[in-house]
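*Asks:* Please read through the structure below; I'll follow up with questions.
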Amino acid sequence: LSVVLSESFGQNYPEEADGTLDCISMALTCTFNRWGTLLAVGCNDGRIVIWDFLTRGIAKIISAHIHPVCSLCWSRDGHKLVSASTDNIVSQWDVLTGDCDQRFRFPSPILKLQYHPRDMDKVLVCPMKSAPVLLTLSDSKHVVLPVDDDSDLNVVAAFDRRGEYIYTGNAKGKILVLNTNTQELVASFRVTTGTSNTTAIKSIEFARKGSCFLINTADRIIRVYDSREILTCGRDGEPEPMQKLQDLVNRTPWKRCCFSGDGEYIVAGSARQHALYIWEKSIGNLVKILHGTRGELLLDVAWHPVRPIIASISSGVVSIWAQNQVENWSAFAPDFKELDENVEYEERESEFDIEDEDKSEPEQMGADAAEDEEVDVTTVDPIAAFCSSDEELEDHKALLYLPIAPEVEDPEENPFGPPPDASVQSAASEETLAGGDKKQRQPSSEGGPAKKKARTTTIELQGVPSDGESGKNEN
């Protein structure tokens with residue numbers, strides 16, 4: 001059925017540019033929530049801009065960090081965001097209120113962070129020059145994950161699709177598969193080029209659907225593996241990649257790679273220019289190259305979880321890539337014709353009568369009989385694209401959209417109530433006016449009720465020197 005659908009609707013990948021999202025400040029990284037309704041963009045000035053992706057408008061701006069935001073991740077239910085900035089701080093945010101729940105200060109910059117796909121209490125953090133760290137948010141505890149070689153601490157890590165295992169990769173091409181709960185080694189293998197030469201692992205990315213994952217390596221080849229085969233091979237296995245994707249002509253190094261929402265396509269952003277290469281995973285053939293503005297460098301790429309849309313960042317601006325939508329009027333009815341000009345229509349006898357007087361009353365059969373049945377219009381079926389293969393129901397507590405506050409033209413004039421009565425004001429003495437002015441301005445400066453200060457936990461990692469002033473305790 002899916003083959004028939006894909007044939008009728010054309011390709012499931014973007015084909016052209018579809019506008020840009022300007023965050024005012026320089027965009028550095030972006031990520032969609034699980035349904036693709038909101039896009040969080042981390043900026044150079046430390047702000048997180050959340051876009052409503054359906055209206056393409058800014059839904060919220062969180063002043064998150066002082067330094068640039070380098071990594072972002074949504075929680076499974078969309079209510080929380082974790083962010084990392086270049087000053088080594090990891091923060092968790094409440095998306096609705098914009099408040100910071102808690103902070104963690106690391107001794108070195110953060111390369112990447114990721115929520116556990118099923119447990120919002122766990123966050124995987126990859127600090128520079130250190131083994132990956134598994135944070136537990138509720139009790140602020142952390143576990144340093146075991147590594148293959150203590151001298152090689154340039155390690156990247158990722159949860160698998162359901163968070164049962166953590167895959168780590170180092171600069172010598174060694175991949176370790178660890179049990180998330182026990183941190184025990186379950187499987188391992190080495191990525192080699194040719195016979196024995198190893199290549200550094202740059203990133204590991206899992207598909208949202210299915211069991212595939214990709215490894216982006218320094219030898220400019222993207223290798224696609226099946227995680228089931230990796231687990232079957234066990235320790236020091238020698239699994240063969242399902243596909244090896246590369247640009248043989250230009251020998252392009254890849255900045256960022258990810259799967260499409262259905263896991264059938266892979267997009268890779270060039271590290272040299274603003275160009276996106278799209279491959280079909282099953283065959284391994286290059287289906288499209290999307291070219292951005294010449295001379296721009298690509299920073300990040302994200303594929304929409306449900307639709308054939310890609311967001312890419314270059315020169316501080318988010319570019320959107322989508323399919324060319326052609327209006328198909330025959331979708332309304334099979335014999336629907338599109339006319340260039342008005343045509344006089346000859347009505348058939350009793351064609352538009354409410355009841356056909358001349359029609360004899362045959363017995364209701366088949367489809368006509370079904371018309372009289374009551375149709376259930378209240379029950380909402382779960383959307384298959386939003387449910388995982390091991391779930392039947394959608395998450396009803398999920399945060400799909402953000403309410404947008406109305407813009408007040410002059411916020412200085414009592415933002416928390418109706419305007420004061422003019423006659424009362426004129427009658428009031430100067431003294432009362434001054435006092436009233438103080439009272440009025442007080443809430444606007446505080447911005448409503450007093451916010452509780454977020455707890456900051458300093459994470460000390462053995463053998464990792466603190467990074468200058470950011471290593472100091474904040475108390």
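*Asks:* State the number of residues belonging to segment 240-278 that are over 20 Å from the mean Cα position of the chain (by Cα) and farther than 14 Å from residue 290 by Cβ.
*Replies:* 14
*Asks:* Can you confirm whether segment 309-329 contains a residue that is in a loop (DSSP other than H, G, I, E, B) and surrounded by 18 or more Cβ atoms within 10 Å (Cβ to Cβ)?
*Replies:* As a first pass, look at segment 309-329 and keep what is in a loop (DSSP other than H, G, I, E, B): 309, 315-316, 323-328.
Now narrow it down to the ones that are surrounded by 18 or more Cβ atoms within 10 Å (Cβ to Cβ): 309.
Within segment 309-329, one or more residues are in a loop (DSSP other than H, G, I, E, B) and surrounded by 18 or more Cβ atoms within 10 Å (Cβ to Cβ).
*Asks:* Out of all the residues in segment 200-216, which are farther than 14 Å from residue 170 by Cβ and of a type in the set (D, E, K, R)?
*Replies:* Within segment 200-216, 205, 208, 209 meet the criteria.
*Asks:* Next up: Restricting attention to segment 173-206, which residues are more than 18 Å from residue 240 (Cα to Cα) and outside any strand (DSSP E or B)?
*Replies:* Of everything in segment 173-206, those that are more than 18 Å from residue 240 (Cα to Cα) and outside any strand (DSSP E or B) turn out to be 180, 181, 182, 183, 184.
*Asks:* Mind telling me which of the residues 42, 98, 36 ends up being in a strand (DSSP E or B) and either closer than 19 Å to residue 459 by Cα or not aromatic (Phe, Trp, Tyr) (or both)? Steps first, answer last, please.
*Replies:* Working: 98 fails: in a strand (DSSP E or B); 36 fails: in a strand (DSSP E or B).
Unique residue meeting the criteria: 42.
*Asks:* Taking the stated definitions as given, is residue 58 part of a loop (DSSP other than H, G, I, E, B), of a type in the set (Val, Ile, Thr) and open to solvent by 10 Å² or more (accessible area, probe 1.4 Å)?
*Replies:* Values: part of a loop (DSSP other than H, G, I, E, B): no; of a type in the set (Val, Ile, Thr): yes; open to solvent by 10 Å² or more (accessible area, probe 1.4 Å): yes.
No.
*Asks:* Further question on the same structure: Kindly check whether there is at least one residue in segment 126-149 that is open to solvent by less than 40 Å² (accessible area, probe 1.4 Å), under 22 Å from residue 253 (Cβ atoms), outside any strand (DSSP E or B) and at pLDDT below 95.
*Replies:* No, because not a single residue in segment 126-149 is open to solvent by less than 40 Å² (accessible area, probe 1.4 Å), under 22 Å from residue 253 (Cβ atoms), outside any strand (DSSP E or B) and at pLDDT below 95.
*Asks:* Further question: If you take the residues of segment 209-239 that are of a type in the set (Ser, Thr, Tyr) and under 23 Å from the mean Cα position of the chain (by Cα), which of them is nearest to residue 34 (Cα to Cα)?
*Replies:* Going residue by residue through segment 209-239, those that are of a type in the set (Ser, Thr, Tyr) are 211, 217, 225, 227, 232.
Of the ones still in play, those that are also under 23 Å from the mean Cα position of the chain (by Cα) are 211, 217, 225, 227.
Details: 211: 18, 217: 27, 225: 23, 227: 22 Å.
Of everything passing the filter in segment 209-239, 211 is nearest to residue 34 (Cα to Cα).
*Asks:* Give the number of residues within segment 271-293 that are of a type in the set (Ser, Thr, Tyr) and modelled with pLDDT of 95 or more. Can you show your working first?
*Replies:* Filtering segment 271-293 down to residues of a type in the set (Ser, Thr, Tyr) leaves 277, 282, 293.
If we keep only those that are modelled with pLDDT of 95 or more too, we end up with 277.
Count: 1.
*Asks:* Right, here's the next one. May I ask you to list the residues in segment 156-172 that are part of a strand (DSSP E or B) and open to solvent by 10 Å² or more (accessible area, probe 1.4 Å)?
*Replies:* Kept after step one, since they are part of a strand (DSSP E or B), are these residues of segment 156-172: 156-159, 165-169.
Of everything in segment 156-172, those that are part of a strand (DSSP E or B) and open to solvent by 10 Å² or more (accessible area, probe 1.4 Å) turn out to be 156, 165.
*Asks:* Okay, moving on. When you go through (1) open to solvent by 30 Å² or more (accessible area, probe 1.4 Å); (2) of a type in the set (S, T, N, Q); (3) at pLDDT below 95 one by one for residue 114, which number turns out not to apply?
*Replies:* The one condition residue 114 does not meet is (3).
*Asks:* Enumerate the pairs (first residue in segment 260-279 and free of Cβ contacts under 8 Å to residues at least 40 places away in the same chain and open to solvent by 10 Å² or more (accessible area, probe 1.4 Å); second residue anywhere and small (Gly, Ala, Ser) and not in a strand (DSSP E or B)) with beta-carbon separation below 9 Å, excluding pairs fewer than 6 apart on the same chain, so at least 6 apart or on different chains.
*Replies:* 273/292; 273/295
The values are calculated or read from the model by the stated rules, or taken from the named source; none is laboratory data. This one's a predicted model, so the numbers in the text were calculated from it and none came from an experiment. So basically every Cβ, Gly included, is an ideal-geometry build from the backbone, and we count neighbours across all protein chains shown. For the accessible areas, the whole protein counts, side chains as well, though only heavy atoms, and no ligand, DNA or RNA atoms are used. Shrake-Rupley method; radii C 1.70, N 1.55, O 1.52, S 1.80 Å.
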